[in-house]
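Here is the structure we will look at, set down as structure tokens.
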Amino acid sequence: MKALLRRPISLFVFSSIVSIWTLLIYNIPFFRYVTDNSNESTGGRIFLLASLMVIMLALNFMMTYLVMFCMRIVGRILLAILSIINATALYFIITYSVMIDATTIENVFNTRYSEASGFFSWSLWLFILAFGLLPALWCLAQPIVFGKVKKLALWCGSALAIVLVVALANFSQTLWISQHDTELGGLLQPWSYIVNTGRIISFSQDEQAEEIKLPDGKITDQEKAVVVLVIGESARKANFQLYGYQRDTNPLLSKQEGLKVYEATSCATYTTAGTKAILEPQNSDDLYELLPNYAFRTGVDVSWRTTNWGEPPIHIDEYLTDDELGVQFPDENEAYDAILIRGLRERIESSQKNKVLIVLHTSTSHGPKYADKYPKEFEVYKPVAKNVEEGEKNIDRLINAYDNTIRYTDFLLDNLVNMLRSMEDWHSAMIFISDHGESLGENKMFMHGLPMKLAPKEQYEIPFLVWTSKDFRDYKTEGELPAVLEQHYIFHSVLNLLSIESPAYNKDYDIFK
Ligand SMILES: [Zn+2]
């Protein structure tokens with residue numbers, strides 16, 4: 001090995017090895033996707049695959065050659081870093097069926113270490129060592145004869161010519177490629193994360209922009225009213241007994257009188273977009289004034305309590321994280337979502353205002369370690385998988401763990417409803433809606449975050465539950481609403497409950513009369 005490393009190789013050989021390795025190892029999912037989704041005959045598919053392989057070989061070769069020739073040691077370091085990221089990305093693509101598109105990168109940047117650490121495992125480290133670190137060391141240590149500029153021009157020129165010729169031969173495939181660009185781009189290493197990281201940086205600059213203010217509203221009565229909006233995390237409709245699931249995952253809520261159960265779908269399959277859709281007045285790529293911000297500006301007492309993250313910017317006086325709640329209630333375990341409802345009754349009853357909005361941003365069903373999200377006494381379905389990786393080999397255990405999180409959610413929501421019902425001086429409402437759903441092994445998919453046009457229904461069919469105190473508001477009847485609701489019903493229904501009269505209110509998106 002040592003002798004081998006000491007023998008210098010030409011930059012041509014070095015670039016060829018990097019290019020072939022990148023193609024064969026890091027891009028297996030890319031070629032699997034092309035094979036599965038091309039609508040060509042077998043012969044056509046082979047031609048398309050071969051063409052794509054040649055193009056990628058030539059492009060990767062050219063980039064490696066250029067980077068190494070121009071930047072030398074910096075080029076080596078870049079290649080080493082890329083091979084480690086490539087290996088990590090490949091591991092996640094294979095293990096969780098994710099695609100490295102803009103939203104995945106955004107989620108990576110928005111994930112806290114405590115949650116990300118849930119993904120770390122021995123198999124991940126081993127995988128990175130074998131397919132990332134070893135190639136990286138080789139890139140750093142291998143002696144190279146760099147050669148003259150003439151050679152650079154010859155090899156890179158030839159590579160470019162090959163790319164052009166093969167691309168022209170596949171001109172008829174342009175339509176297919178443009179129809180599948182998101183997926184293809186999301187699987188292509190290393191371009192997927194390089195390009196998408198750039199896109200995210202430009203998105204986040206846009207997001208720093210001020211939210212678009214809604215026209216002023218006003219509160220039209222003095223009655224005491226409180227709305228508790230509970231944003232669920234990765235809670236999927238399919239595992240709620242209330243929606244017909246075989247298991248008794250809702251033993252308490254199913255006995256709760258007056259609970260409304262709506263069919264609903266989420267607008268996205270990841271937290272930042274799902275949460276935004278719950279809080280904004282209408283579907284938009286722009287950032288409109290959000291429900292808590294708008295209600296606060298209109299004079300409502302608003303409090304946000306969270307064990308989660310990834311929500312759009314909230315501008316209110318009281319924003320409490322799990323850590324801050326943990327300091328207030330040291331006897332409560334802040335690892336579990338019960339911390340969110342601690343002291344809530346006192347908080348509401350001591351309000352100086354007549355209208356109160358409480359938003360609880362929960363994390364109860366967040367993977368990959370479902371079994372860590374509920375106290376031991378809620379481990380009703382056993383045995384459980386410790387995390388998704390273990391659950392992939394034993395789906396039943398994964399579902400056991402997930403179902404326990406739904407049972408814990410049932411307990412929390414039931415508690416809330418009982419608390420509100422006992423506050424007889426107040427009109428009150430509890431609304432529960434999830435940010436998105438979750439895959440639990442259907443078609444070998446796990447977790448969430450696929451682009452909407454590819455996502456299976458498990459990732460966007462969500463629970464939407466509503467309870468209100470007696471004589472608060474009348475519900476619209478079945479015929480007055482679509483069969484399946486979307487998340488934007490929250491904004492308008494909550495304005496109604498808080499008696500906010502506003503040009504931003506749309507009665508078509510209100511579940512109440
Ligand atoms: Zn989420």
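The values are calculated or read from the model by the stated rules, or taken from the named source; none is laboratory data. Quick caveat: nothing in here was measured; it's all calculated off a predicted structure. For neighbour counting, all protein chains shown are included, and Cβ atoms are generated from backbone atoms with ideal geometry for every residue, glycine included.
The table for this structure:
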read-out: Meets criteria (more than 16 Å from the ligand (Cβ to nearest atom), among the charged types (D, E, K, R), without any contact (Cβ under 8 Å) to a residue 60 or more places away in the chain and out of contact with any Cys (no Cβ under 8 Å at 6 or more places or on another chain)) for K255; value: yes
read-out: Qualifying positions in region 249-280 - of a type in the set (D, E, K, R) and within 22 Å of E458 (Cα to Cα); value: K260, E263, K276
read-out: The lone exception for A401 - which of (1) aliphatic (A, V, I, L, M); (2) in contact with a strand residue (DSSP E or B) (Cβ under 8 Å, 6 or more places away or on another chain); (3) away from the ligand (no atom under 16 Å from the Cβ) it fails; value: (2)
read-out: Helices (runs of 4 or more DSSP H) wholly inside region 1-85 containing at least 3 residues that are over 21 Å from L152 (Cα atoms) and not aromatic (F, W, Y); value: 2-6, 28-37, 42-71
read-out: Tally of residues being within 16 Å of the ligand (Cβ to nearest atom), part of a loop (DSSP other than H, G, I, E, B) and among the hydrophobic types (A, V, I, L, M, F, W, C) across region 258-271; value: 2
read-out: Odd one out for A268 among (1) at pLDDT 95 or above; (2) hydrophobic (A, V, I, L, M, F, W, C); (3) in contact with a His (Cβ under 7 Å, 6 or more places away or on another chain); value: (1)
read-out: Failed condition for N250, given (1) of a type outside the set (A, V, I, L, M, F, W, C); (2) away from the ligand (no atom under 13 Å from the Cβ); (3) outside any loop (DSSP other than H, G, I, E, B); (4) crowded, with 24+ Cβ neighbours inside 10 Å; value: (3)
read-out: Single unsatisfied condition, E223 versus (1) in a loop (DSSP other than H, G, I, E, B); (2) at pLDDT below 95; value: (2)
read-out: From E461, E486, residue being touching a helix residue (DSSP H, G or I) at 6+ places or on another chain (Cβ under 6 Å), modelled with pLDDT of 95 or more and either buried (at least 23 other Cβ atoms within 10 Å of the Cβ) or charged (D, E, K, R) (or both); value: E461
read-out: Tally of residues being without any contact (Cβ under 8 Å) to a residue 12 or more places away in the chain and in contact with a helix residue (DSSP H, G or I) (Cβ under 6 Å, 6 or more places away or on another chain) across region 52-77; value: 1
read-out: Set K470, K393, K373: member being surrounded by fewer than 23 Cβ atoms within 10 Å (Cβ to Cβ) and either within 16 Å of the ligand (Cβ to nearest atom) or under 24 Å from L360 (Cα atoms) (or both); value: K470
read-out: Selection within region 408-440 - within 16 Å of the ligand (Cβ to nearest atom) and more than 23 Å from E461 (Cα to Cα); value: none
read-out: Count - residues of region 331-352 that are at pLDDT 95 or above, more than 19 Å from F296 (Cβ to Cβ), surrounded by fewer than 17 Cβ atoms within 10 Å (Cβ to Cβ) and not acidic (D, E); value: 2
read-out: Qualifying residues in region 272-314 (those that are within 12 Å of the ligand (Cβ to nearest atom) and closer than 17 Å to N506 by Cβ) - the one surrounded by the fewest Cβ atoms within 10 Å (Cβ to Cβ); value: A277
read-out: Pairs with Cβ under 6 Å, 6+ apart, first in region 39-51 and touching a residue at least 60 places away in the same chain (Cβ under 8 Å), second hydroxyl-bearing (S, T, Y); value: L48/S38
read-out: Matching residues, region 165-193, being surrounded by 12 or more Cβ atoms within 10 Å (Cβ to Cβ), assigned to a helix (DSSP H, G or I) and of a type in the set (A, V, I, L, M, F, W, C); value: V165, V166, A167, A169, W176, I177, L184, L187, W191
read-out: Residues of region 376-390 classified as more than 16 Å from the ligand (Cβ to nearest atom), of a type outside the set (F, W, Y) and touching a residue at least 60 places away in the same chain (Cβ under 8 Å), total; value: 2
